[in-house]
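Here's the structure we're looking at; comments come further down.
Every read-out reported here was derived from the displayed coordinates using simple, explicitly stated rules and does not represent laboratory data. Since this is a predicted model, take the numbers as computed values, not measurements. Heads up, the Cβs are rebuilt from the backbone with ideal geometry, glycines too, and the neighbour counts pull from every protein chain shown.
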């Protein structure tokens with residue numbers, strides 16, 4: 001909850017982002033002070049005009065005072081303009097630093113974190129929460145400093161004009177402190193809840209937009225709209241409560257601020273009738289009392305706004321406080337170009353669910369060797385290869401490359417030696433050229449083209465409207481699945497890695513394209529240690545070593561001919577694909593159910609009801 005961090009601690013921590021720009025902040029503070037000081041002569045000059053100049057009909061002095069007031073006004077306006085220019089630059093740079101710090105920290109977090117947090121939720125932290133902090137740096141901060149300085153000046157001037165009347169006016173101020181005590185914590189806690197609810201809305205929106213094709217295919221627009229209405233309604237309900245609470249806080253400060261001038265008028269008139277105060281003195285005092293109660297009310301409202309911004313600050317700092325599970329040692333070494341001798345020694349691993357995915361796995365891939373990992377779905381093939389680039393660390397055992405524990409290597413240097421092509425291809429919303437070049441940022445256009453040729457992608461790329469400079473849309477939406485996969489392969493080829501990981505790399509290709517890519521990859525794999533995960537055993541029969549996984553363990557490893565004779569698990573996998581007549585060539589491992597085996601949905605209403613129940617949950 002929001003109350004576990006005090007406002008002062010959050011503000012002090014936030015101030016670290018301001019430190020690099022303290023000179024601009026100090027200059028702006030000086031100009032704010034100048035603007036406050038320049039408005040102080042006004043009430044004194046007003047008192048002098050009423051008590052002296054008007055009574056004596058002194059036109060010369062009246063003109064002089066008029067010119068002085070105009071000059072003061074021009075200087076004050078200039079100082080305010082320069083101050084706002086400085087603060088706008090100051091604010092923009094601080095927000096830039098916060099966003100970049102948050103994004104860089106997110107990139108350092110382990111993959112397990114991203115598997116447990118939705119993209120939309122994280123986007124709300126980087127986008128909405130930082131945007132809310134902008135309010136703290138914008139008018140809120142400026143108003144806080146200006147009103148604080150004005151308040152101090154008001155206290156000093158009222159004491160100078162009439163100490164007794166000033167002390168009576170000050171007796172109202174403790175009521176402000178009481179109001180702060182009543183509303184502060186409630187507003188901040190409620191603001192935190194509102195931001196959490198809107199983070200859920202953004203999470204749902206991002207998920208639904210990503211799955212728009214499925215929504216349309218199943219005609220589920222109405223049901224997804226209901227889901228959005230429910231999450232948004234909850235956020236709006238919380239926000240309305242927050243606004244009501246803020247309104248109550250604002251009314252309390254308004255009532256308190258109105259009480260001060262009423263006391264002043266009553267007692268001030270009595271002082272005039274007793275002869276202890278002039279009319280001009282009361283007018284001047286009334287002007288300065290506005291410097292007292294006006295800023296106090298403004299500071300109250302600013303405080304409530306600050307509480308909202310601090311709720312966003314807390315969410316940002318909660319993210320920055322997260323520690324990556326995979327950490328790089330300070331004494332980690334630069335491995336340079338690796339040979340690719342990969343050894344897993346008694347490796348065990350489980351995710352947050354607690355179920356052990358890998359249990360005492362040991363295997364070795366020598367430099368240049370092609371190692372195929374086979375087994376039914378969920379036996380840990382992808383998890384195993386994810387340990388090699390240290391996306392995760394094993395709970396037990398260790399992973400060595402060229403005899404060195406990968407935990408003793410620099411993460412970037414380790415991963416620079418590894419190329420990965422996975423089943424779920426991700427492409428950036430950019431050109432074909434830039435997506436391939438992502439594998440090695442300094443690559444020339446010629447090297448990019450050569451990588452595309454090796455991945456059997458050059459031919460279709462040249463047929464695109466702008467060739468390699470064609471914009472492919474978000475996640476490569478303008479390309480077919482096979483085209484996206486070939487660009488991903490080209491990206492990995494361009495990296496020129498020592499170790500190549502192909503996780504269902506050709507699963508999205510038709511048979512003809514798959515054979516072409518297999519032929520293209522064959523010479524590339526000769527000089528690299530290659531791990532291949534494939535459901536279609538036909539693509540890995542001639543691997544140097546086939547490792548069979550079952551129940552999180554390595555149950556056998558060897559050549560195809562050896563395993564078929566000695567390993568029942570492997571023989572069953574092979575027979576299901578090659579000897580079962582109901583399985584066509586393109587269907588991987590798992591048997592497609594017949595029509596009689598599919599449980600039909602009794603009615604549309606039944607399906608809809610179940611879906612709505614899931615939404616309720």
Mean Cβ count within 10 Å, highest first, over the residues of peptides 379-386, 307-314: 307-314, 379-386
Give me the compactness ratio for the stretch 418-496, meaning the Cα radius of gyration over 2.2 N^0.38 Å. 0.94
Give the distance, in whole Å, between the Cα centre of the stretch 409-469 and the Cα centre of the stretch 141-191. 62
By the C-alpha gyration tensor axes a ≥ b ≥ c (rounded if a/c is under 1.5, else prolate when a/b exceeds b/c, else oblate), the shape of the stretch 97-320 is prolate
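Run the numbers on the stretch 398-494 and let me know its relative contact order in percent, using alpha-carbon pairs under 8 Å that are six or more apart.
In percent, rounded to a whole number, it is 39.
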Using 7 Å Cα-to-Cβ label points, what is the residue 555/residue 413 separation (nm, one decimal)? 4.1
Given 0.36 nm per residue, what is the gain on full extension from residue 276 to residue 578 after removing their alpha carbon distance, in nm? 97.7 nm
Taking 203, 23 and counting other C-beta atoms within 10 Å, the order from fewest to most: 23, 203
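Can you give me the relative contact order of the stretch 97-320 as a percent, contacts being Cα pairs under 8 Å and 6 or more apart? Before the final figure, lay out each step's value.
Details: 189 pairs, mean separation 96.9, N = 224.
Relative contact order, the stretch 97-320: 43 percent.
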Whole angstrom only: what separates the Cα centroid of the stretch 261-308 from the Cα centroid of the stretch 16-90? 20
Give, as ranges by residue number, the residues of the stretch 38-79 whose backbone N falls under 14 Å from the point 7 Å along Cα→Cβ of residue 283. 42-58, 62, 66
Ranked from fewest to most other Cβ atoms within 10 Å of their own Cβ, 105, 162 fall in the order 105, 162
Just grab the label-to-label distance for residue 565 and residue 541, each label 7 Å out from Cα along the Cβ direction, in nm (one decimal). 1.7
Hey, what's the Cα Rg ratio for the chain versus the globular rule of thumb, 2.2 N^0.38 Å? 1.40
Relative contact order (%) - criterion: Cα under 8 Å, at least six apart; region: the chain: 14
To check you understand DSSP bridge types, tell me what percent of the beta bridges within the chain (both residues inside) are antiparallel, rounded to 5. 50
Specify whether the C-alpha gyration tensor of the stretch 243-400 places it in the rounded, prolate or oblate class, a ≥ b ≥ c being the square roots of the eigenvalues: rounded for a/c under 1.5, otherwise prolate if a/b is larger than b/c and oblate if not. prolate
Listing 570, 176, 564 from the residue with the fewest other Cβ atoms within 10 Å to the one with the most, what is the order? 564, 176, 570
Using a Förster distance of 60 angstrom, determine the FRET efficiency expected from the C-beta separation of residue 470 and residue 322, and round it to 0.05. 0.95
